[in-house]
Amino acid sequence: MKLNIGCISGDGIGPEIVREAKKVLDAIAVKYGHEISYTEILLGGASIDVHGVPLTQEAIQAAKESDAVLMGSIGGDANTSPWYQLPPDRRPEAGLLAIRKELGLFANLRPAVLYEELADACPLKKETSEAGFDLLIMRELTGGLYFGERRTTVENGLRTAVDTLVYNENEIRRIAVKAFDIARKRRGKVTSVDKANVLDSSRLWRAVVNEVAKDYPDVELSHMLVDNCAMQLVKDPAQFDVILTENMFGDILSDEASMVTGSIGMLASASLNDTKFGLYEPSHGSAPDIAGKDIANPIATILSAAMMLRYSFDLDKEADDIERAVKQVLKEGFRTADIMPEGGKASGENKCSCSEMGSRIAERI
Ligand code: NAD
């Protein structure tokens, strides 16, 4: 297969972690006989340095012409980087928001996986962490409270603020379809999360999700109220496969889910539009504090590349292979600094650099 991948290395540790993900993708290409071409795309601070703006028309065009985009992360230290002397619409993050909008990315996928080998980093009870979990939060990204009309008024000296939460049935249907499609590639379970006991938008959400479910008799659907879901994520995360939810609930729940895994350098993410196209990036930022030192953890980016193979190219076997290689290297005891337990050497773990971690995973493909 020919894979035409746009590549945004970005800022901070971005170029280091993307380099390692490419190593692993190249190993996949050799093993399975695929042909990968990478198109480098400038975004964020890297684009400001060259073009004076965080996103150019050429960058948008290059992303649109790719089958999928793999990204490191963008941004710098807000206290010291000259990028943050610029007006807000010229700063690195503005480029990221703009490219997401241009590409029509409405579905955000955040897997939260607890690896057996990293169970000690999990802040949950021992019996919960030992059982492990592997869930995915599918968050609607372009509607709801964050995009509704808002205003603040003062009447008779009383300040009043209003935010509106709007969803139409088409916006709900398209994300529900994505969630059911993805559940079919996983364990076949969708938990739709809402606040249908209070909100009209949630009652419509639930009704439309039920309609979509009729086309997926092989996928098990249940509904859960968001407050209960927040509790269940810390009580029994293993019960979940795909959690489908609206923008604000997803924002909060996905951060909660990532915290319970205990290791930010391991968390992949994807944002999809209504074609097979997706933007794949680690959940973490550009970590300017450790940039250029070859100590960052490249695994979140490598796992984002695996998601890209699975969701944009339907290469499930290849994606499984990457995930298996990551597990194997962890099992062998190799750890970047962020996931190295205190006194780890004594228990058999070996500290390795970003590039060594990437090479070891690529070698096990
Ligand atoms: P961050 O995620 O970059 O860093 C938080 C902490 O986690 C730091 O101590 C960092 O060293 C560590 N860390 C993060 N990723 C790591 C990895 N792969 N390996 C080892 N350690 C890792 O968050 P921040 O410091 O709040 O933000 C830094 C910059 O990143 C800011 O400019 C912010 O705007 C940007 N950012 C970008 C994205 C994105 O590109 N999507 C997302 C979040 C933050």
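The values are calculated or read from the model by the stated rules, or taken from the named source; none is laboratory data. Being a predicted model, the structure only gives us computed values, none of them experimental. Positions of Cβ are generated from backbone atoms using ideal geometry, with glycine treated the same way; all protein chains shown enter the neighbour counts. Remember, those area values only see protein heavy atoms, side chains included, never the ligands or the DNA or RNA. Shrake-Rupley method; radii C 1.70, N 1.55, O 1.52, S 1.80 Å.
Please give the direction-averaged projected area of the C-alpha convex hull for the stretch 179-223, in square nanometres with one decimal.
Details: hull surface 11.4 nm².
In nm², the orientation-averaged hull projection of the stretch 179-223 is 2.8.
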The stretch 304-365: proportion of alpha-carbon pairs further apart than 12 angstrom, %: 68 percent
In whole angstrom, how long is each semi-axis of the equivalent ellipsoid of the stretch 107-244, when you take the square root of 5 times every eigenvalue of its Cα gyration tensor and sort them from largest down? 31, 22, 12
Check the straight Cα-Cα distances from LYS125 and name the lysines below 16 Å, setting aside those fewer than 8 residues away within the same chain. LYS235
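If exposed means no more than 12 neighbouring beta carbons inside 10 Å and the site is in a DSSP loop, what's the longest run of the chain without any exposed trypsin sites (Lys or Arg not before Pro)? Write down the numbers at each step before the final one.
Values: sites that count: LYS125, LYS214, LYS276.
Maximal segment without exposed cleavage sites: 1-124.
About its Cα centre, how strong a charge dipole does the chain have in debye, to the nearest 20, once Lys and Arg get +1 and Asp and Glu get -1 at the Cβ?
Details: 42 positive and 56 negative charges, 54 e Å.
That gives the chain a dipole magnitude of about 260 debye.
Helix hunt in the chain: which complete DSSP H runs extend at least 15 Å axially by C-alpha with mean Kyte-Doolittle at least -0.5? Don't skip to the answer; put the middle values down first.
Values: long enough: 14-32 (27 Å, 0.04); 92-102 (16 Å, -0.15); 169-185 (24 Å, -0.55); 200-213 (20 Å, -0.14); 247-261 (21 Å, 0.28); 299-312 (19 Å, 1.26); 316-331 (22 Å, -1.06).
Membrane-span-like by this criterion, though nothing is claimed about a membrane: 14-32, 92-102, 200-213, 247-261, 299-312.
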With the full set of protein chains in place, find how many percent of the accessible area of the chain is carbon and sulfur; take the probe as 1.4 Å. 52 percent
Going toward the positive end of the dipole of the stretch 276-355, with +1 on Lys and Arg Cβ and -1 on Asp and Glu Cβ, which of CYS352, MET308, ALA296 do you reach last? CYS352
For the chain, give me the percentage of DSSP beta bridges that are antiparallel, rounded to the nearest 5 percent. 45 percent
Give the relative contact order (percent, whole number) for the stretch 127-198; include only Cα pairs under 8 Å separated by 6+ residues. 21 percent
Global size of the stretch 216-360 as Cα Rg and Dmax, reported in angstrom: 17.1, 51
Could you give the spread of the C-alpha atoms of the chain along their three principal axes, from largest to smallest, in whole angstroms? 61, 50, 44
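Pairs LYS2/LYS64; LYS178/LYS214; LYS126/LYS195: which are spaced more than 19 Å apart, C-alpha to C-alpha? Before the final figure, lay out the partial values.
On the way: LYS2/LYS64 16 Å; LYS178/LYS214 14 Å; LYS126/LYS195 31 Å.
From LYS2/LYS64; LYS178/LYS214; LYS126/LYS195, over 19 Å: LYS126/LYS195.
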Cα centroid separation, the stretch 11-67 to the stretch 246-305 (Å): 16 Å
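What's the longest uninterrupted piece of the chain once you rule out the GluC sites (Glu not before Pro) that are loop residues per DSSP with at most 16 other Cβ within 10 Å? Can you show the working numbers first?
Numbers: sites that count: GLU149, GLU332, GLU342.
My reading of the result: 150-331 is the longest stretch.
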Using only the alpha carbons of the stretch 16-61, determine the length spanned along each of the three principal axes and report them from longest to shortest in whole angstroms. 41, 23, 10
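What does the helix-only formula give at 222 nm for the chain: each DSSP H stretch with n ≥ 4 adding -39500 (n - 2.57), the total divided by the residues, and the result rounded to the nearest 500 deg cm²/dmol?
On the way: 12 runs with 148 residues, N = 365.
Estimated from H runs of four or more residues: -12500 deg cm²/dmol.
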Using amide H atoms built 1.01 Å from N in the peptide plane, name the residues 5+ places from LEU244, or on other chains, whose amide H lies under 5 Å from its own. MET138, THR191, SER192, VAL193
I need the Debye-formula profile for the stretch 57-138: one equal scatterer per C-alpha, no solvent, reported as log10 I(q)/I(0) at q = 0.14, 0.15, 0.19 1/Å, two decimals. -0.76, -0.80, -0.91
Share, in percent, of DSSP beta bridges within the stretch 1-148 that are antiparallel, nearest 5: 40 percent
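How high is the relative contact order of the stretch 114-264, given as a whole-number percent (alpha carbon pairs under 8 Å, six or more residues apart)?
Numbers: 231 pairs, mean separation 53.9, N = 151.
With pairs under 8 Å counted, the relative contact order is 36 percent.
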For the stretch 119-221, give the magnitude of the charge dipole about the Cα centre (Cβ charges: +1 Lys/Arg, -1 Asp/Glu; no others), in debye to the nearest 20. 80 debye
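Averaging sequence separations of C-alpha pairs under 8 Å and six or more residues apart, then dividing by the length of the stretch 32-134, give the relative contact order as a whole percent.
On the way: 91 pairs, mean separation 25.0, N = 103.
About 24 percent, as a whole number.
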Accessible surface, per residue, of the chain when the full set of protein chains is kept, probe 1.4 Å, Å²: 45 Å²
Beyond 18 Å, the calculated P(r) of the stretch 133-196 holds a percent of Cα-Cα pairs equal to 53 percent
Using every pair of alpha-carbon atoms in the stretch 1-117, split the distances into 10 Å bins beginning at 0 and state the percent of pairs per bin, rounded to integers. 13, 38, 33, 13, 2
